[in-house]
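What follows is a short report on a single structure.
Throughout, read-outs are computed from the coordinates displayed, never taken from laboratory work. Remember, it's a predicted structure, so these values are computed and weren't measured experimentally. Cβ sites come from the backbone with ideal geometry, for glycine too, and all protein chains shown count toward neighbours.
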Amino acid sequence: MHETRRDLLKAAIGSAATLLLSSGRLGAQPAPLIERAIHSSGERLPVIGIGTARRWEQATTPAEMVPLRDVLRQFAERGGKVIDTAPSYGNAEALVGELVGELGIRPSLFLATKVGAVGREAGLQEIETSFRRLRTPRIDLIAVHNLRDIATQLRTLRELKQAGRIRYVGMTASFPRQYPEFERTMRTETLDFIQVDYALDNRAAASTILPLAADRGMAVMINLPFGRGRLFQAVQGRELPPWASSFDCASWAQFFLKYIVSHPAVTCCVPGTAKVEYLLDNLGAAQGKLPDAAMRRQMEELIDRL
Ligand SMILES: NC(=O)c1ccc[n+]([C@@H]2O[C@H](COP(=O)([O-])OP(=O)(O)OC[C@H]3O[C@@H](n4cnc5c(N)ncnc54)[C@H](OP(=O)(O)O)[C@@H]3O)[C@@H](O)[C@H]2O)c1
């Protein structure tokens, strides 16, 4: 009897400590991030990464770089890996390279950039600039940006992959008008990754592109998960529904992101993140339970009613 009570007490202390640890309140190891495998290699990536469009584009002064350095440091400390950037994002690519180098975190990261040039020579030049800006001999993923000169650039990217300078090849889209060509290319080309827009209020990609990616064994990176903040405006002044706690969701950002990463075809998602407060919130979407199919429908209905 005595033994049993002691055991129960030990178990209770154990689970309280686990809860505290997973919420990060003891300042110890935060809970591990949910991961998904890249089909073509089996390599696993955390489902939440960082997008660097807009906020990262404009940062040039030392003061503007402070929060971005903190975001990267904390991201790596918490097991984050995927950073998505592009040569066309102003200062973002160079800033990622500079801060990652300064923090010494390159080995733990998965750096994804893009090529958006037209013509073989212009493409090669742009890619070499990305290597210099990112300050790395090997880029994890280069994707053809918005299908631009796709046949030429894919040829170059495959050569670079063959030579071991990049690890994965992909392509991106972010508008429904690009989808017909995007789908045709998915059916005819072998790609490691696709990147496409998908959000709780923008679900077009789920009708063909996401199932096709699963069929073709392509990893999926989601862009514009908040529709650039459109979703936050839609729920402004509203409380989270009480049932959100059933899938460990504590904020609207987690609500929107957990919807995305619970889609079975999605590998990871790259919300635009330039503040530590947002980083910690967004990484929460890669922890705990995810909504099941029935709950996902309930989430869609809530947003469709707004
Ligand atoms: N064709 C392409 O290849 C393509 C196209 C578009 C985007 N992308 C990639 O996808 C990434 C994501 O898209 P995006 O950055 O344009 O839009 P987004 O991720 O849909 O939204 C970013 C906005 O959400 C806000 N935000 C982030 N976390 C938040 C949080 N926890 N709580 C409240 N607000 C939060 C940010 O606010 P603040 O403004 O206050 O920081 C920012 O304005 C890009 O950064 C880029 O890497 C690729």
Scalar couplings 3J(HN,Hα) for the stretch 86-101 by Karplus 6.51 cos²θ - 1.76 cosθ + 1.60 (θ = phi - 60°), nearest whole Hz, x for Gly and Pro, are 6, x, 8, 8, x, 7, 4, 4, 5, 5, 4, x, 5, 6, 4, x
Helix 62-77 sits off the longest principal axis of the Cα atoms of the chain, rounded to the nearest 10 on a 0 to 90 degree scale, by 60 degrees
Inter-site label distance for THR60 and GLU128 at 7 Å from Cα along Cβ, in nm: 2.6 nm
Pairing the Cα long axis of helix 179-188 with the longest principal axis of the chain, what angle in degrees results, from 0 to 90 and rounded to the nearest 10? 80 degrees
For the chain, take the longest principal axis of its alpha carbons; what is the angle in degrees between that and the long axis of helix 252-261, to the nearest 10 within 0 to 90? 60 degrees
What Kirkwood Rh does the chain have if only Cα atoms enter the pairwise 1/r average? Answer in Å. 20.3 Å
Non-local Lys pairs in the chain, i.e. 8 or more apart or on different chains, that have alpha carbons under 30 Å apart: 12
Which net charge results for the neighbourhood of ALA244, defined as the other residues with beta-carbon distances under 12 angstrom from its beta-carbon, given Lys and Arg at +1 and Asp and Glu at -1? +1
Mean residue ellipticity (222 nm) of the chain, computed from DSSP H runs ≥ 4 via -39,500 (n - 2.57), nearest 500: -13500 deg cm²/dmol
Quick check on packing: order 279-291, 156-168 by the mean number of other C-beta atoms within 10 Å, highest mean leading. 279-291, 156-168
In whole Å, how far is the Cα centre of the stretch 238-257 from that of the stretch 91-157? 35 Å
Hey, what's the Kirkwood Rh for the stretch 32-154 if you take every pair of different alpha carbons, in angstrom? 15.0 Å
